[in-house]
1. Return yes when residue 227 is under 26 Å from the mean Cα position of the chain (by Cα) and in contact (Cβ under 8 Å) with a residue 60 or more places away in the chain and no when it is not.
2. Read through the list (1) in a helix (DSSP H, G or I); (2) out of contact with any helix residue (DSSP H, G or I) (no Cβ under 7 Å at 6 or more places or on another chain); (3) farther than 22 Å from residue 299 by Cα, then give the number of the only condition that residue 208 fails.
3. Which residues, counting only those in segment 27-75, are under 21 Å from residue 131 (Cβ atoms) and surrounded by fewer than 16 Cβ atoms within 10 Å (Cβ to Cβ)?
4. Answer yes or no as to whether residue 175 is over 22 Å from the mean Cα position of the chain (by Cα), surrounded by 13 or more Cβ atoms within 10 Å (Cβ to Cβ) and not in a helix (DSSP H, G or I).
5. Scan segment 116-129 and give yes if some residue there is surrounded by fewer than 17 Cβ atoms within 10 Å (Cβ to Cβ), in the same structural domain as residue 19 (by TED's automatic domain parsing), over 42 Å from the mean Cα position of the chain (by Cα) and modelled with pLDDT of 90 or more, otherwise no.
């Protein structure tokens with residue numbers, strides 16, 4: 001389940017802090033959104049670097065004969081692009097491999113310059129490509145990864161010069177040309193990352209609005225039904241227990257008629273609050289419509305589900321409510337409980353059995369919990385409204 005929108009940073013300083021220390025959900029979403037772009041750019045750059053052998057030939061036709069193989073090494077990035085196509089999740093290992101691989105490409109460029117007459121002098125501008133890599137290829141990774149690569153790529157030629165790997169390396173000329181570009185690349189990355197964070201926040205807000213019930217803060221039907229179908233498939237695949245509670249406020253119309261709709265809204269909200277109190281983090285509380293709620297209990301059998309339902313029912317019955325004009329009243333809920341069975345073909349069948357148990361709880365006196373396995377007879381009319389004409393749900 002996604003984190004709440006309220007947990008995202010709201011100020012510029014908080015946003016920058018978040019970008020340097022993002023959560024896993026943000027990193028994964030950023031990776032998913034930029035992965036295809038990274039694949040295309042890295043593949044293009046691998047071909048471009050190899051094709052720049054033509055630049056080697058212009059600088060030094062004789063030395064260029066010795067750089068052909070080194071230029072072909074750049075085509076290894078094509079294999080990286082192909083591999084990245086099949087990697088759907090971001091990881092620290094992928095980040096490390098990418099950074100090391102790009103630094104290795106820069107080291108290869110230094111070796112190429114060593115084979116060319118005055119190659120280091122003519123090739124200083126070529127290190128500018130590394131700044132483009134930071135801005136383009138690393139968009140799918142964290143901001144801190146971008147900055148680490150940019151600084152490492154900028155320092156690498158200095159290190160190669162100190163170790164006499166880069167022949168006649170001109171530190172001052174290189175620094176005057178490349179370090180300003182590196183700083184500009186870092187600023188660009190910060191701006192890009194912050195703009196992406198704003199987009200991410202907006203998407204999360206829209207997602208929350210589309211999947212959350214505004215009155216109660218619980219999930220809405222649009223979110224719950226697809227999730228239920230997904231959890232049913234997973235439970236059947238893994239053999240994990242799965243239970244469902246269907247809750248309905250007893251005599252809710254009387255509450256509205258007697259105390260007003262504002263008080264009725266507070267009653268509905270209170271059911272959500274108590275439902276969340278007794279649900280675990282892995283459970284899902286949803287308002288399906290009106291005064292009806294559902295609670296999906298993962299890794300929970302029917303006996304455990306009945307215990308949760310009884311706690312919720314008892315807690316709600318013990319609450320004292322006050323109307324807008326300070327009148328004191330209480331209310332109750334009826335709850336139907338069902339555990340997923342092999343015969344449940346889809347989410348509609350599962351919902352139908354829980355709804356039949358809820359209907360039985362209503363018919364037998366309200367303010368009680370009824371287990372679906374204790375319900376006899378065929379599906380009632382409420383259940384038929386939940387099931388499709390083509391479903392093959394068995395009779396209760």
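The values are calculated or read from the model by the stated rules, or taken from the named source; none is laboratory data. Computed from a predicted structure; not experimentally measured. All Cβ positions, even for glycine, are placed from backbone atoms using ideal geometry, and neighbour counts span all protein chains on display.
1. Values: under 26 Å from the mean Cα position of the chain (by Cα): yes; in contact (Cβ under 8 Å) with a residue 60 or more places away in the chain: yes.
Considered against the rule, which asks whether it is under 26 Å from the mean Cα position of the chain (by Cα) and in contact (Cβ under 8 Å) with a residue 60 or more places away in the chain, residue 227 comes out as yes.
2. That leaves (2) as the condition not met.
3. The answer is 37, 40, 44, 47, 48, 51.
4. Working: over 22 Å from the mean Cα position of the chain (by Cα): yes; surrounded by 13 or more Cβ atoms within 10 Å (Cβ to Cβ): yes; not in a helix (DSSP H, G or I): no.
It is false that residue 175 is over 22 Å from the mean Cα position of the chain (by Cα), surrounded by 13 or more Cβ atoms within 10 Å (Cβ to Cβ) and not in a helix (DSSP H, G or I).
5. The answer is yes, given that some residue of segment 116-129 is surrounded by fewer than 17 Cβ atoms within 10 Å (Cβ to Cβ), in the same structural domain as residue 19 (by TED's automatic domain parsing), over 42 Å from the mean Cα position of the chain (by Cα) and modelled with pLDDT of 90 or more.
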